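Here the structure comes first, spelled out in structure tokens, and everything after it is commentary.
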Amino acid sequence: MAENQIVLDTYDEIREALYHPDLSRSLDKRSFEEGNPRAGILSLLHGDEHKERRRFENPLFRREALVQYEQELFPKVLADVLTRTAVGHVDLLNLGGALSVVLAARRAGVDHDGSAEQLAELFDHVKVIAQAAAILDVVADRGRVQAETIQLLNEFDKNYVTPSRRRRERILDAVEAGETDEAALPDLLMRALWRLRAGDDMFVDHSLLVREVGLFLHGGSHTSAQTLCNVFFYLFGLDGSGPRTDWLRRVAEDPLDAQKCVHETLRLRPTTPEMKRLAERDVEAAGKRIPRGSRVALDARKANRDPNLFGEQPHEFDPDREIGDDMVLWGLSFGAGPHICIGRSVAGGFPLTATMLREGIAPGHLYGLVALMVQAIAARGVRPDPQSKPELDRRTTRGTRWLLFPVMFLDRDAQPVGERPMARSG
Ligand code: HEM
């Protein structure tokens, strides 16, 4: 097939492409055995197969589960991990990774002992999977990145997935024998095993289950940790503006302000600045003829800076910006259409619309885990590390991923914001 690349970069064009039934995410059609570490996972499926898998996984993101995660589980994780690690010189990327991987593992069904070592190991696994997930933007040898990911998935299986699977099989045996009525944990692995016992073959291939669990672990933590760093990129004023001391104070005090900063950051620095699609047949979309086999690049970063949609200074970081009633502040950064991010409410909470900001948020509003991290971290007196600077991850062309994001915590315990010296740009 010919490999033309067509770029679409306006909001409406991109949305049209994301909803088009003949533009797929299946850019790599090789099997796992042929070297594709992502073969068969939700994000690469297309059409009815994708619909069926998504229908099976959507219940993991039901409102009650989201509320429980945000209001009960995550505050404990935040208190635990921050008390243990947020002191002195800290890498914000790894801190955000450790915080978000706990909940990602819980949703995926990956058991661990909660120690700092295991959380760091899991997030190290995530970093490898994240390279394979961004494979079309990887600048180095893509074959090597994919081979390393396959090796990593084998380790991940041996050390985490298989032991987690065995534990769940024992629970299901006991339930079937009537020895316990323990309801299944609402996690992906347990649901998949249940389904297998019911005679459905969706996850009959154990190695596919490992990849899907890996997708959930990675999807649920890497983008959140990177977005956390991107928020502090703006709050510390590393975009050249100088420290935004007022916003640092506001986010520490008010979760809604923290959420606005997260959404504005996502708009300006999407973790997937360019979504990719493949024309499965000759397609007419966005007023263009797209021949079968063409690649389509959807430039969300550009569309998210459209002055007609986001105001006259679309390149500025302005979480208080006014947007239209039918627009969301995060723009296209969670995608749209059938592949729209399944975890968007986990990470970003509920979208902030102009009406909501004008009329006040509804009771039961979710702020999202990234905003809660931002708030808790700002409240601990975080500032740029005077000894080392953040380092962008240049192994991909995305430009919104960090390798290192060193910060300093001066206070172990949260103090009133006004009594702390403010962060200075490093
Ligand atoms: C700030 C955080 C996050 C960002 C910016 C983000 C971004 C995205 C984007 C842009 C897509 C669509 C890509 C495309 O259509 O080409 C996507 C899909 C996806 N995301 Fe997220 N995501 C985030 C958090 C999460 C979380 C917390 C999970 C939880 C498991 C998750 C799991 C997924 C999955 C499984 C897909 C594939 C969905 C499908 O293909 O049907 N993401 N994400």
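Observations on the model:
- Only one entry of 102, 90, 77 meets the criterion of being under 21 Å from residue 405 (Cβ atoms), within 13 Å of the ligand (Cβ to nearest atom) and surrounded by 13 or more Cβ atoms within 10 Å (Cβ to Cβ), and that entry is 102.
- Number of the exception - residue 228 against (1) away from the ligand (no atom under 12 Å from the Cβ); (2) closer than 22 Å to residue 341 by Cα; (3) open to solvent by less than 10 Å² (accessible area, probe 1.4 Å): (1)
- Matching option when the condition is more than 28 Å from residue 157 (Cα to Cα) and either open to solvent by less than 10 Å² (accessible area, probe 1.4 Å) or at pLDDT 95 or above (or both), among 212, 253: 253
- Residue within region 210-224 that is away from the ligand (no atom under 14 Å from the Cβ) and polar (S, T, N, Q) present: no
- Extreme residue, surrounded by the most Cβ atoms within 10 Å (Cβ to Cβ), among residues of region 318-340 that are within 14 Å of the ligand (Cβ to nearest atom) and small (Gly, Ala, Ser): 333
- Contact map, region 306-334: first residue of a type in the set (Asp, Glu), second residue within 16 Å of the ligand (Cβ to nearest atom), Cβ cut-off under 6 Å, separation 6 or more or different chains; pairs are 306/11.
- Subset of region 284-315 that is surrounded by fewer than 15 Cβ atoms within 10 Å (Cβ to Cβ) and among the acidic types (Asp, Glu) - its residue that is farthest from residue 248 (Cα to Cα): 284
- Test result for residue 139, open to solvent by 70 Å² or more (accessible area, probe 1.4 Å), touching a residue at least 24 places away in the same chain (Cβ under 8 Å), more than 19 Å from residue 119 (Cα to Cα) and away from the ligand (no atom under 16 Å from the Cβ): yes
- Hey, residue 30 more than 30 Å from residue 120 (Cα to Cα) and either more than 18 Å from the chain's Cα centre (by Cα) or at pLDDT 95 or above (or both) or not: yes
Conditions (1) part of a helix (DSSP H, G or I); (2) more than 17 Å from the chain's Cα centre (by Cα), marked per residue:
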{"position": "190", "(1), (2)": "yes, yes"}
{"position": "210", "(1), (2)": "yes, yes"}
{"position": "252", "(1), (2)": "yes, yes"}
{"position": "267", "(1), (2)": "yes, no"}
{"position": "272", "(1), (2)": "no, no"}
{"position": "275", "(1), (2)": "no, no"}
{"position": "281", "(1), (2)": "no, yes"}
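- Taken as a whole, the condition of being polar (S, T, N, Q) and surrounded by fewer than 21 Cβ atoms within 10 Å (Cβ to Cβ) applies to residue 245.
- Those residues of region 25-57 which are in a helix (DSSP H, G or I), more than 9 Å from the ligand (Cβ to nearest atom) and open to solvent by 20 Å² or more (accessible area, probe 1.4 Å), in sequence order: 47, 48, 49, 51, 52, 55
- Every listed requirement among (1) out of contact with any Phe, Trp or Tyr (no Cβ under 7 Å at 6 or more places or on another chain); (2) touching a residue at least 24 places away in the same chain (Cβ under 8 Å); (3) open to solvent by 20 Å² or more (accessible area, probe 1.4 Å) is met by residue 69 save one, (3).
- Number of residues in region 295-320 that are in contact with a Lys or Arg (Cβ under 9 Å, 6 or more places away or on another chain) and not in a helix (DSSP H, G or I): the value is 13.
- Hey, residue 109 surrounded by fewer than 18 Cβ atoms within 10 Å (Cβ to Cβ) and of a type in the set (Gly, Ala, Ser) or not: no
- Restricted to region 341-399, the set of helices (runs of 4 or more DSSP H) holding at least 3 residues that are open to solvent by 50 Å² or more (accessible area, probe 1.4 Å) comprises 354-359.
- Residue within region 283-302 that is in contact with a Phe, Trp or Tyr (Cβ under 8 Å, 6 or more places away or on another chain) and either more than 12 Å from the ligand (Cβ to nearest atom) or of a type in the set (A, V, I, L, M) (or both) present: no
- Residue in region 342-361 that is in contact with a Cys (Cβ under 9 Å, 6 or more places away or on another chain) and either more than 16 Å from the ligand (Cβ to nearest atom) or at pLDDT 95 or above (or both) present: yes
- You will find that of 128, 110, 81, the residue that is in a helix (DSSP H, G or I) and either under 18 Å from the mean Cα position of the chain (by Cα) or within 25 Å of residue 142 (Cα to Cα) (or both) is 128 and no other.
- Residue within region 405-414 that is within 16 Å of the ligand (Cβ to nearest atom) and part of a loop (DSSP other than H, G, I, E, B) present: yes
- Residue selected from region 193-205 under the condition in a helix (DSSP H, G or I) and free of Cβ contacts under 8 Å to residues at least 40 places away in the same chain, by the criterion least open to solvent (accessible area, probe 1.4 Å): 193
The values are calculated or read from the model by the stated rules, or taken from the named source; none is laboratory data. On a predicted model such as this, the values are computed, not experimentally measured, just so you know. As a convention, Cβ positions derive from the backbone with ideal geometry for all residues, glycine included, and neighbour counts pool all protein chains shown. SASA here: full protein model, heavy atoms, side chains in, ligands and nucleic acids out. Shrake-Rupley method; radii C 1.70, N 1.55, O 1.52, S 1.80 Å.
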